[in-house]
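Visitor: Dropping a structure here in structure tokens format, bear with me for questions.
The values are calculated or read from the model by the stated rules, or taken from the named source; none is laboratory data. Please read these numbers as outputs of a predicted model, since none were measured by experiment. Using ideal geometry, Cβ is built from the backbone for each residue, glycine included, and neighbour counts are taken over all protein chains shown. These accessible areas exclude ligands, DNA and RNA; they are computed on the full protein's heavy atoms, side chains included. Shrake-Rupley method; radii C 1.70, N 1.55, O 1.52, S 1.80 Å.
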Protein chains: 2
Amino acid sequence: MSSEIPNVSAADEEAAVLLYEPLLQYRRQQEPPLELQRSQFNNTSQVAIVGSNLCPIESLDYELIENDLFKQDWRIRGKIQIFQYIFTKWMLCFLIGLIVSLLGFFNNLAIENIAGTKFVITSDMMLARKYIAAFLVFASLNLGLTLFASLITALIAPEAAGSGIPEVKAYLNGVDAPAIFSLRTLFVKIVGSISAISASLNIGKAGPMVHTGACIAAIMGEGGSKKYGLTWKWLQVFKNDQDRRDLVTCGSAAGITAAFRAPVGGVLFALEEMASWWRSTLLWRAYFTTAVVAIILRALIDVCLRGKCGLFGKGGLIMYDVTSANISYHLRDVPPVLVLGVIGGILGSIYNFLLNKVLRLFNFINEKGIFYKIILACCISIFTSCLLFGLPWLASCRSCPSDTSEPCPTIGRSGNYKKFQCPPGHYNDLASLFFNTNDDAIKNLFSKDTDSEFHHLSMLIFFVTCFVLSIFSYGIVAPAGLFVPVIVTGAAYGRFVGMIIGSHSNLNQGLFAVLGSAALLGGSMRTTVSLCVIILELTNNLLLLPLIMLVLLISKTVADAFNGNIYDLIMKSKGFPYLETHAEPYMRQLTVCDVVTGPLQIFHGIEKVGNIVHVLKTTGHNGFPVVDEPPLSESPVLFGLILRAHLITLLKKKAFLRTPVPIGPDAFLQFSSNDFAKKGLGNGDKIEDIKLSNEEMEMFIDLHPFTNATPYTVVETMSLAKALILFREVGLRHLLVVPKVSGHIPVVGILTRHDFMPEHILNLNPSLTRGRWKRLRFRFPRLGRLIREL
Amino acid sequence: MSSEIPNVSAADEEAAVLLYEPLLQYRRQQEPPLELQRSQFNNTSQVAIVGSNLCPIESLDYELIENDLFKQDWRIRGKIQIFQYIFTKWMLCFLIGLIVSLLGFFNNLAIENIAGTKFVITSDMMLARKYIAAFLVFASLNLGLTLFASLITALIAPEAAGSGIPEVKAYLNGVDAPAIFSLRTLFVKIVGSISAISASLNIGKAGPMVHTGACIAAIMGEGGSKKYGLTWKWLQVFKNDQDRRDLVTCGSAAGITAAFRAPVGGVLFALEEMASWWRSTLLWRAYFTTAVVAIILRALIDVCLRGKCGLFGKGGLIMYDVTSANISYHLRDVPPVLVLGVIGGILGSIYNFLLNKVLRLFNFINEKGIFYKIILACCISIFTSCLLFGLPWLASCRSCPSDTSEPCPTIGRSGNYKKFQCPPGHYNDLASLFFNTNDDAIKNLFSKDTDSEFHHLSMLIFFVTCFVLSIFSYGIVAPAGLFVPVIVTGAAYGRFVGMIIGSHSNLNQGLFAVLGSAALLGGSMRTTVSLCVIILELTNNLLLLPLIMLVLLISKTVADAFNGNIYDLIMKSKGFPYLETHAEPYMRQLTVCDVVTGPLQIFHGIEKVGNIVHVLKTTGHNGFPVVDEPPLSESPVLFGLILRAHLITLLKKKAFLRTPVPIGPDAFLQFSSNDFAKKGLGNGDKIEDIKLSNEEMEMFIDLHPFTNATPYTVVETMSLAKALILFREVGLRHLLVVPKVSGHIPVVGILTRHDFMPEHILNLNPSLTRGRWKRLRFRFPRLGRLIREL
């Protein structure tokens, strides 16, 4: 494409070659590229690739890239473009809210109808005393649904397995796991979640809803899915990372809102748990998104209240109206609540510990192949069906209370008094919990004026079963949330404690169930304000606030002494290089020089095409310092930093020079800033796809106009902790390290996310044994050893 | 103090002098210091001093200062110290929560009893038909209370006037107005607020409570008040800015919680409106603090419910229990709510606009002296008394409804039906609103099933009066909040709209009042999530959530088109150099070089005492680059940045050297890191207080061990916008600008907060007319001109 090369006269050409001659003399040491240090991170089948400078996956970069091209682009930006940009941003938030609320509603509708039909069929057979047939139908329906969910997950989108919250959280922190926001992941997440939950597995819908919301936001932020030809030109105004990640934050807030009808809780959850960078403008936008969700959901429920939604009726779209009466509690009610919080914290940390161990075990099985994955899911389904159908037989029939407002035994699907195998006028309390969707079980547990409804033993059995089932169900290859299982387990725990305390407290048992849920959630998820608000929005009673705050504070404090929050544990086990806000104490003792490793690949201001191709092919780096050397400057000067993606664009456009002369302003005519806009996840071009002739390989590129001329830099003597503050707060992907005394090299290295990972640092500096610096934290050493030996 | 000078042998001394000779040759240009650019900021009497590098007030600095001394200190820090630090942090949060809740309770108790007694006395006289005497007693009591409040404010602590939220917000952004957190400010804020509110002025208690909470936190964070000899050794573990500002954030959250009994709302308000830097650990700590407040308040109310708190009884500690019945609303209720939001937004922005203008007018009066301030306050008090007592006479007496559960006319102080001048069996609806505390008026307006209780005209009169009074009452020299007046005005507005719409909507008028409050708050304060939660916590009804969200969204959007939020306007009129998160568009066109001004004062690594004293006395800079020159290094090298406070400590300790040789590690023996710990507000030593002999002036200081060797730097070609991101996100006070090509000077300037102020930039670059870049925003040009001409 010689026509694209600017014309240079013969004399110019000669002069230029002379000028470049000394540059050509300079031979950089072409050492082999760094190995991906997978081994130390990659514990599970879901691979995470570590070190954003080391691997070709796209990763976060909030740095303002200031090269001549972008500056030019910014200068000519008119008011209309700015207005279009702002308008599109808000419109997208509205669309995300709309779509997420419709999907959330559809999810609930589908689950209530599928699971409801299943329970109605089985109950009818039970009424006809065909117990064995009922069990077979129940178990095989569950098995079929589980099989379907796990098959589509395993075959179409393995990324859709699990909750999705850890993946979204990692994405917002800057780790882009491959394919987590593709259209097929979205499809599997929705359909898989519906069928897995309808299969009575003890899993939740909140996590998948968050992932769904984030997925929709990500796809819309990229202007559609290129792979499936679904793109919208007018949506493609977001060229940078920040806008896209902001949208994903809004999407995840919308997800929580759609799952729990908790708009404020959704915003707070996105703020407290998900987002790594937060600005108040984002708060305002997330709030707008969740308001849209809340208002649309409210309107849709109005439609359903008229009975047009099948079995949905009163069920679904949870709002557990605990107690509309005034609750009064006094000082003497505080000690039981404290005990509830402490035990809840301990239980929560045990839950996290066990879940983590079981996940490792399951990963070990899942790695063997798809067949094993499916078998595992089926086993869990059969096991669950047996427990759900079998355990209620242990409970003795209880006679119906005379003063209840509900019919007893329950007619239809939902209600507190399930007949199961009992004679007329009696009900089976365990069946009321087991033989129900999780939503209904929670409603039953939270309900007031039912203090004598459940037996001690029934509650204990239910609690233990839920605890075990939720741990074993999460790891299967299907979309599975953690929120609802923890709520139901916690409610059972709280109610059990309430029963033991009995009349020693003024609080009724429904209230104890709410507090128990709060305690277990606090012990497992470890968020505070957002959980508090979510529980309030779920139960619709603000008078509970001080008690819930107390319980959450205590359970979180207790649990924090043992281990980390569940999503962090899962992220760690998946090997995501999550960048923490705080620096570890040993980072203050290390300078940035101590962690910068490997040979540094440097480009010249005017570089040979062949060199660029060679370096791009032999290294995995994503950013390269550009250095001007004599004779272009007096001494070697750091000109800036150029990104791999931009180099590939340059190579693809073949904007080459025959001679090493600086190009003039006409360079910009060949490019628009869109060419350099950040590509969507996994949509970047690869160096291997670019074919260049030998002649082209001998030509030159003037990198100056495309180089970020003002990268952030730190001095080599800076402590790692201080560099981390800059890296983390500003949201960088590359941080250049410059020497204290400017000598013959103007740059000593590049810091990336990888260099701040404790594993990497401790690997380089084995003398810093981790134990010496770790925070005050108790462990379960024996339990850990025991499990490891298994 | 020659004994403190390390011993140097004669030979060493000679060698050193030789070594230093070339350094002494170097003469820096000692140009006159920069003038404080007060004129362009300082519009009001409350002076703000601008440019943290230019003035001696302490300002924010989150940078990790890495000098040898601090590194040494960190290295020897044991586990016990770390544990003590963590423990003290949490304990302080607990103490802040405890004290703020007690103060908040005391505040309410005092107000309810003082104002209650006043109303009881007046009502008794009214019953005896002594109308003129009643008015005189009412007006003179109000006048007396106002006089007391304004006298103590004007004489003891003028800083306690106004809301206090703008000051705290500016402090958290890094602007330290003098004396805002002193003990006397705290005292005046509490006592003045009680008496001003009891004087029936239309002002609120939330703002003063926030300031009180912040004050307590600041005083405890500094380990007590040195001035009054109240210090606690064990509290003095917080040596840096971040810890102290974190505590103040917790304190302000506690303040909102104590004012409204809204713990979650308090945390969110601190997050959304107050804090400029937020971390999730801080969220957790703020939540803990507000939980403590909520639980203690709850316990104290239990005590009062037994009737031991005088007139407090059911009043005070607001929780307006709007409707415990289920609220149902449908699509057709949405249009009125939209209208309410739009008009609320417009009213809110007019409110902000007028308040700002009235404040300027009042400042003009207040500047004339204390006497004028007091007179102004008294005039407002008399004006208020006249309106409150006079306007109810305009309303006609209405006969009591037969189906009310309350007694009519009201017996005692609070209730919906005030008798005023009416015959038995009748009530005066305007008096029920005017002749009451604001809390009770809000309760009356929010109450349900009272749709026919108020007359259209009464409501309109009440709304207009409140609107006018709240604008004129804020500017007087007394502690005065804005929250409650806006709530009561908004409630009147909402109820009036509800009356007009009448039976066209399902919503009752109490609900309209709540939504009206939300609309006006949204239009004035412009926060979203926190206001939403505060209103929910106030009204205790979560079913309102979607409607409140809708109203807030709309009113904020509408109002944002006209002007900024009320606290920002007040901050601006006070001249605080508030650092915004986002960069203005023109900042992308300017490089940092364009704004760095003035001669740069540089110190050498080993500097003469006389030079240091001279520079410190003749400039107001707070940070100085330290440069090593030949022969100490090959070429001039930037060693780091030293702070004024640290230089003064060095001068005070007189750690001088007779000869310019580097000091060894024994330098540390003379100092502990406590000497260099950040001083409390206004407690720093001044250069003028240090007396040095002529002999000492000729000696040297080795600055190396005390210089921050790794300051953050940016290259001179970086755009101002990009530098602002670093400056703002990391929370810096100084940012060194280094040249692109290292030449003979290794540093070209220092950026401070001052350099990022739009006023400063536009002053330097008049070509950037502000209008060209300003955001899409409508104005009230005519109204503005009209007022200006007044």
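Visitor: For A:Ser396, A:Ser473, A:Ser672, what's the largest-to-smallest order of accessible area, 1.4 Å probe?
Guide: A:Ser396, A:Ser672, A:Ser473
Visitor: Over the heavy atoms of A:Ile295, what accessible area does a 1.4 Å probe trace out, to the nearest 10 Å²?
Guide: Rounded to the nearest 10, that gives 50 Å².
Visitor: Can I ask one more? Please sort by residue number the trypsin sites (Lys or Arg not before Pro) in segment A:65-167 whose DSSP state is loop and whose Cβ has at most 15 other Cβ atoms within 10 Å.
Guide: Qualifying residues, ordered by number: A:Arg77, A:Arg129, A:Lys130.
Visitor: What is the spin-label model distance, in nm, from A:Ile132 to B:Phe371 if the labels are put 7 Å beyond Cα along the C-beta direction?
Guide: 10.7
Visitor: Additional query: Under the Karplus relation 6.51 cos²θ - 1.76 cosθ + 1.60, θ = phi - 60°, what is the ordered set of whole-Hz ³J(HN,Hα) values for segment A:602-616, x standing for Gly and Pro?
Guide: Taking θ as phi minus 60°, the curve returns 10, 10, 8, x, 10, 10, 6, 4, x, 4, 4, 4, 4, 5, 5 Hz for segment A:602-616.
Visitor: Taking 51 Å as R0, compute the FRET efficiency from the Cβ-Cβ separation of A:Leu102 and B:Glu698 and round it to 0.05.
Guide: Approximately 0.05, to the nearest 0.05.
Visitor: Follow-up. What does the accessible area of B:Ser693 come to, in Å² to the nearest 10, when a probe of 1.4 Å is used?
Guide: Per-residue accessible area (B:Ser693): approximately 50 Å².
Visitor: Quantify how strongly other chains surround peptide B:271-279 by giving the mean number of their Cβ atoms within 10 Å of each of its Cβ atoms.
Guide: Shielding by partners across B:271-279 averages 3.
Visitor: Tell me whether segment B:460-556 comes out rounded, prolate or oblate; compute the Cα gyration tensor, take square roots of the eigenvalues as a ≥ b ≥ c, and use a/c under 1.5 as the rounded threshold.
Guide: oblate
Visitor: Put B:Lys691, B:Lys205 in order of accessible area, largest first, 1.4 Å probe: what do you get?
Guide: Most to least solvent-accessible, the answer reads B:Lys691, B:Lys205.
Visitor: List the residues, sorted by chain then number, that are 5 or more residues from B:Gly623 or on another chain and whose placed amide H is less than 5 Å from its amide H.
Guide: B:Arg644
Visitor: Short version: ³J(HN,Hα) in whole Hz for each residue of segment A:489-496, in order, from phi by Karplus 6.51 cos²θ - 1.76 cosθ + 1.60 (θ = phi - 60°), x for Gly and Pro, what are they?
Guide: Karplus-based 3J(HN,Hα) across segment A:489-496 equals 4, x, 5, 5, 4, x, 5, 4 Hz.
Visitor: Direction-averaged shadow area of the convex hull around the Cα atoms of segment B:129-213, nm²?
Guide: Averaging across all directions leaves 5.7 nm² for the Cα convex hull.
Visitor: Right, next: How would you classify segment A:146-302 from its alpha-carbon gyration tensor, with a ≥ b ≥ c the square roots of the eigenvalues: rounded for a/c under 1.5, else prolate if a/b is greater than b/c, otherwise oblate?
Guide: Oblate shape, in that a/c is at least 1.5 and b/c is the bigger or equal ratio.
Visitor: Something else: Which three numbers, in whole Å and largest first, are the semi-axes of the equivalent ellipsoid of segment B:606-668 derived from its Cα gyration tensor as √(5λ)?
Guide: Each semi-axis is √(5λ); the values are 19, 17, 11 Å.
Visitor: Copy-to-copy spacing for B:Lys686, label 7 Å out on the Cα-to-C-beta vector, in nm, shortest first?
Guide: Ordered by increasing distance: 7.1 nm.
Visitor: Something else now. In whole Å, what is the distance between the alpha-carbon centres of segment A:474-511 and segment B:94-108?
Guide: Using only Cα atoms, the two centres lie 34 Å from each other.
Visitor: Amide H of B:Phe639: which non-local residues (sequence gap of 5 or more, or other chain) have their own amide H closer than 5 Å, using H built in the peptide plane?
Guide: So B:Phe639 has HN proximity to B:Val626, B:Val627, B:Asp628.
Visitor: Still on this structure, I have one more. Work out from phi, with θ = phi - 60° and the Karplus expression 6.51 cos²θ - 1.76 cosθ + 1.60, the ³J(HN,Hα) of each residue of segment B:712-719, listed in order in whole Hz, and give x for Gly and Pro.
Guide: Taking θ as phi minus 60°, the curve returns 6, 10, 10, 7, 5, 8, 5, 6 Hz for segment B:712-719.
Visitor: Follow-up question, since we're still on this one. What pairs from A:Lys71/A:Lys617; A:Lys169/A:Lys574; A:Lys357/A:Lys572; B:Lys608/B:Lys686; B:Lys205/B:Lys448 go past 23 Å between their alpha carbons?
Guide: Check vs 23 Å cut-off fails for A:Lys71/A:Lys617; B:Lys205/B:Lys448.
Visitor: First obtain the Kirkwood hydrodynamic radius of segment B:124-169 from its Cα pairs, then insert it into the Stokes-Einstein equation at 25 °C and 0.890 mPa s, and state the resulting D in µm² per second as a whole number.
Guide: Using the Kirkwood radius from Cα pairs, D works out to 191 µm²/s.
Visitor: Further question: What does the copy distance list look like for B:Gly564, label position 7 Å along Cα→Cβ, in nm and ordered from shortest?
Guide: List, nearest first: 4.0 nm.
Visitor: Right, another one. How many percent of the accessible area of segment A:409-515 is carbon or sulfur, using a 1.4 Å probe?
Guide: Using a 1.4 Å probe with all protein chains present, segment A:409-515 comes out at 65 percent carbon and sulfur.
Visitor: Taking a label point 7 Å out from Cα toward Cβ, give me the nm distances from A:Ile370 to the same spot in the other copies, shortest first, one decimal.
Guide: Result for A:Ile370, in nm, nearest copy first: 8.7.
Visitor: For the interface of chains A and B, what total accessible area is buried with a 1.4 Å probe, rounded to the nearest 100 Å²?
Guide: Buried area between the two chains comes out at roughly 6900 Å².
Visitor: Moving on to the next point. For the residue pair B:Phe83 and B:Glu688, what label-to-label distance in nm results when each label sits 7 Å from Cα along the Cα-to-beta-carbon direction?
Guide: Simple spin-label model gives 4.8 nm for this pair.
Visitor: To the nearest 10 square angstrom, how much accessible area does A:Thr450 have with a 1.4 angstrom probe?
Guide: A:Thr450 has an accessible surface of roughly 10 Å² with all protein chains in place.
Visitor: What does the accessible area per residue of segment B:441-492 come to in Å², with a 1.4 Å probe and no ligands, DNA or RNA counted?
Guide: 24
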